[in-house]
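J.: Attaching a single structure in structure tokens format; questions to follow.
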Amino acid sequence: MSARTTPPWPLVALFTAGYLAAYLLPTTVGRLDAGLPLSATQAGAIGSALLLSSATAGFLLASRVDRFGPRRLARTGLLLAAAGYGTAALTTTVPLVVAGALVGGFGSGTASTVAAAGIAGRRDPHRTTTLGLLGVSALAGALYLTIPHLGPAHGLPLAAIAGTALLVLPTTGHLPARTPAPQALLTATPLPHPRSGLLLAAAMLFWSLAQNSLWGVSGRIGVTQAGLTEVTVGAVFAAGLGAGLLGVIGAGALGSRLGQALPIGAGTAVIAGCIALSAAAHDLPSFATGEIAWNTLYPVVLSYVIGLAASLDPRGRWAVLVGSASSLGTACGPLTGSLLSAWAGYPAMGTILALGLLLVTVPLTAVALRPQRTQIVEIPLEAVPAQRTAYDTAAASTAPGPGTI
């Protein structure tokens with residue numbers, strides 16, 4: 001079993017578990033603010049620290065998935081996520097909450113790294129990415145509808161993330177124990193397309209920073225500026241994530257028919273307008289319109305960007321590094337949003353973020369316009385019979401999962 005024939009569902013499950021913390025960021029930060037002796041800025045800083053820890057895992061492990069083995073690394077990440085978020089959920093002691101968030105974030109980042117590396121090695125990374133986005137959007141939407149009815153405890157979102165990690169843990173048995181011999185022979189190859197990769201990573205850092213600056217304070221905008229209840233805000237978020245499911249399904253159906261430049265460039269420009277509208281909302285219609293339209297487009301553009309990063313290197317190193325740069329921007333988002341909104345107010349913050357996104361559209365589109373698909377070198381397994389025998393023995397002990405792309 002190679003990276004190209006590994007069933008997609010373990011990777012989709014890992015993707016869901018790894019990205020869930022970022023998707024639940026508004027309710028996590030809002031409940032830390034309301035349920036613990038923390039200011040809004042301090043709660044945002046904890047959210048940023050969680051996501052920064054996740055990004056750190058990606059940067060550290062981007063080139064080490066082959067060395068440690070996907071199965072072992074995925075299990076380690078999920079166990080760290082369960083332990084860290086579980087600890088943060090069960091205590092009201094702020095230092096322990098912070099420590100748990102950091103450990104959990106590193107676990108989430110580890111799971112995301114394994115998922116990104118595996119997805120990049122598939123024949124159609126965009127399709128598998130859309131399945132992952134469908135999974136995390138559906139789960140997050142269901143949680144946004146459920147959590148407000150379970151009480152005001154700060155730990156409910158964190159407990160949900162920890163529980164998801166435990167539920168995904170059994171699926172790691174379908175991942176290869178170690179990298180197949182052909183890919184192992186490519187371990188020393190340098191990163192291809194370094195200019196495009198670095199430009200894409202830098203652009204994605206600011207792309208994620210702008211969007212998650214608003215996402216981190218969206219709950220407070222809905223409650224304090226638009227005058228909505230937490231239940232109503234949760235319903236808007238769930239509707240937005242549900243619309244995102246439709247967007248991802250559409251992106252999966254379109255595939256590469258529109259290329260990558262148009263969905264990435266035009267999609268980001270429209271997202272900038274949605275952010276400005278949402279940040280300036282003073283009532284339910286404007287808040288819901290901005291949030292739902294934004295959440296419809298966000299996963300669509302993200303799926304194309306991840307696919308673009310995967311096309312730069314079939315071993316998945318650029319996919320992991322670009323994803324980690326995105327996570328770094330995501331990590332800085334809650335604190336940036338809190339500081340900007342405290343300094344200039346929500347509407348001005350939205351205008352600043354929208355203008356920044358429009359600027360980032362230029363390098364993203366430039367990379368997408370360059371023909372740069374890396375050709376995968378196929379090395380006959382017969383040339384390395386010893387390695388093939390060892391890997392086939394390991395693969396035979398892993399039952400195949402449902403379906404193959």
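J.: All other residues with a Cβ under 15 Å from the Cβ of Leu50 taken together, and with Lys, Arg as +1 and Asp, Glu as -1, what is their net charge?
T.: Spelling it out: positives minus negatives among the neighbours equals 0.
J.: Could you sort Leu241, Leu150 by their accessible area in this structure, using a 1.4 Å probe and putting the largest first?
T.: Values: Leu241 5, Leu150 110 Å².
Sorted descending by solvent-accessible area, the residues read Leu150, Leu241.
J.: Give the accessible surface of the chain per residue, rounded to a whole number of Å², with probe radius 1.4 Å and ligands, DNA and RNA excluded.
T.: Ligands and nucleic acids excluded, the figure is 38 Å² per residue.
J.: Still on this model: Can you give me the C-alpha center-to-center distance between segment 58-94 and segment 9-43, rounded to a whole angstrom?
T.: Each part's Cα centre sits 15 Å from the other's.
J.: Separate question: Using a Gaussian network model of the chain whose springs link C-alpha atoms within less than 10 Å, name the residue from Arg64, Arg122, Arg317 with the highest mean-square fluctuation.
T.: Arg64
J.: Next question. Any chance you could tell me what percent of the C-alpha pair distances in the chain go past 28 Å? Provide the component values of the computation, followed by the final result.
T.: Working: 34652 of 81810 pairs.
Of all Cα-Cα distances in the chain, 42 percent exceed 28 Å.
J.: Right, next: In whole percent, how big is the carbon plus sulfur part of the accessible area of segment 186-244, probe 1.4 Å, protein atoms only?
T.: 74 percent
J.: Can I ask one more? Given the protein chains as shown and a 1.4 Å probe, how many square angstrom of Ser256 are accessible, to the nearest 10?
T.: The accessible area comes out at roughly 100 Å².
J.: As a test question: what accessible area, to the nearest 10 Å², does Thr56 have when a 1.4 Å probe is rolled over all protein chains in place?
T.: Here the residue's solvent-accessible area equals roughly 60 Å².
J.: Oh, and also: Under 10 Å from the Cβ of Ile147, count the other residues' Cβ atoms, weight Lys and Arg +1, Asp and Glu -1, and hand me the total.
T.: Residues close to Ile147 contribute a combined charge of 0.
J.: Here is a further query. Hey, what did segment 27-119 get for relative contact order, percent, Cα under 8 Å, at least 6 apart?
T.: Worked out over segment 27-119, it gives 36 percent.
The values are calculated or read from the model by the stated rules, or taken from the named source; none is laboratory data. The structure presented is a predicted model; accordingly, all values stated were derived computationally and were not measured. With ideal geometry, Cβ positions are generated from the backbone for all residues, glycine too; neighbour counts draw on all protein chains shown. For the accessible areas, the whole protein counts, side chains as well, though only heavy atoms, and no ligand, DNA or RNA atoms are used. Shrake-Rupley method; radii C 1.70, N 1.55, O 1.52, S 1.80 Å.
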